Amino acid sequence: MDVLLGNSILIAVVAGVLLFLAFSMLVYGFVPTEIEEEDIFGYRLTKRKRLLKEGGLYAMVLPLVKIFAHYFIRLPDRVGSINVYEKRSGLREKIARSGYMGALTPNEFWGMCCVSSLGIFCAFIFMTWTASGFPNIPIAVIFGAAAFMLPYLQLDGAIAQRLVEIDRRLPYAVDLLVLSMRAGLDFMTALDRVVTTGLEQNPDDPMVQELGVVLQEMRVGTARSDALISLCERVKSDYLKSMVGSILQAEKRGTPLAAVLEVQIGTIRNKRTQKIEKAASQAAVKILGPLMFIFAAVLVIVIGSMVLKMKAEGAG
């Protein structure tokens, strides 16, 4: 029995190595060095170069992602009842809101979904093979198909995390903006200083990235109000919407912008404090559920041991 199990493990390992070599040959033989897409530029390109330089799993998986992306690019705008153009546009917007997760384009993101599905499929084939001596293909297919949605879940998580980070960093960025304007700079020059300083300290700061987009739009001739409205459309933050609304009202009434921003900073900080206090007060209630399950498990263990002891004494 041990010999058969050892042979099965050896066969599974050899099969895995051969499969890896086959994929490697496919990657280096048929995949272009870079997928030709207009999306890979600016911050996305900088982030991709940094991730590739760091190496690790990203550098190993990206060539395989490009295999699938190479064919997703060729999809027409509509396939049957599926509007591929609309889904690609929506995905492009979500990837931008996530801070360009993985520096992926929409087609590469779908390629990552395929890689995730393929990886989980192979993992379950290997596990079932080593555990029972033969691969359980139906189980592997089910879990592999479910794994296609894992990158979507990760994308939603990245969007939510980035929004939290923007809300957290917003008061500090506006503080620097107000200080620069109090020093005599106009809004655009002060914004340029905040963006330049922020990118030098942390190029992945989402608040600085969004302010940099606003600055770029203003430099090419977009009105300040339009650039700020576009910022609210990209970032679904209630704090940001409130601040932009106050800025637009200040423009119409001629109110000094620095004074308005100072008031908004205080308002945002008060709202965040109230939100944290509310979450802290709810934590005590939410923790009661897990505590009840723990208490029930302890009771089962204690009462069960007592019952078993009583039965043993009665038998004796």
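The values are calculated or read from the model by the stated rules, or taken from the named source; none is laboratory data. Model, not experiment: these values are computed from the prediction. Here Cβ is always computed from backbone atoms with ideal geometry, including for glycine, and neighbour counts include all displayed protein chains.
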All-but-one check, GLY99 against (1) at pLDDT 85 or above; (2) under 23 Å from GLU210 (Cβ atoms); (3) surrounded by 17 or more Cβ atoms within 10 Å (Cβ to Cβ); (4) of a type outside the set (A, V, I, L, M, F, W, C), failing number (1)
Which condition number does MET243 fail, the rest of (1) in contact (Cβ under 8 Å) with a residue 40 or more places away in the chain; (2) touching a helix residue (DSSP H, G or I) at 6+ places or on another chain (Cβ under 7 Å); (3) under 21 Å from LYS94 (Cβ atoms) being met? (3)
Could you figure out which of (1) farther than 30 Å from LYS94 by Cα; (2) modelled with pLDDT under 80; (3) aliphatic (A, V, I, L, M) isn't true of LEU299? (2)
Among the residues that make up the stretch 300-314, is at least one of them small (Gly, Ala, Ser) and closer than 30 Å to ARG168 by Cβ? no
Spot the failing condition for SER230; the list is (1) touching a residue at least 12 places away in the same chain (Cβ under 8 Å); (2) within 14 Å of LEU163 (Cβ to Cβ); (3) surrounded by 14 or more Cβ atoms within 10 Å (Cβ to Cβ), and only one is missed. (2)
Selection from the stretch 117-142 of residues that are without any contact (Cβ under 8 Å) to a residue 60 or more places away in the chain, under 20 Å from PHE68 (Cα atoms) and either within 25 Å of the chain's Cα centre (by Cα) or not assigned by TED's automatic domain parsing to the domain that holds PHE68 (or both): SER117, LEU118, GLY119, ILE120, PHE121, ALA123
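Listed here are the residues, each with its yes/no results for (1) on the phi < 0 side of the Ramachandran plot; (2) part of a helix (DSSP H, G or I); (3) more than 36 Å from the chain's Cα centre (by Cα).
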| position | (1), (2), (3) |
| --- | --- |
| THR255 | yes, no, yes |
| GLN264 | yes, yes, no |
| ASN270 | yes, yes, no |
| GLU277 | yes, yes, no |
| ALA280 | yes, yes, no |
| ALA284 | yes, yes, no |
| GLY289 | yes, yes, no |
| MET292 | yes, yes, no |
| LYS309 | yes, yes, yes |
So, of the residues in the stretch 210-245 that are part of a helix (DSSP H, G or I) and of a type in the set (Lys, Arg), which turns out to be nearest to LEU261 (Cα to Cα)? LYS241
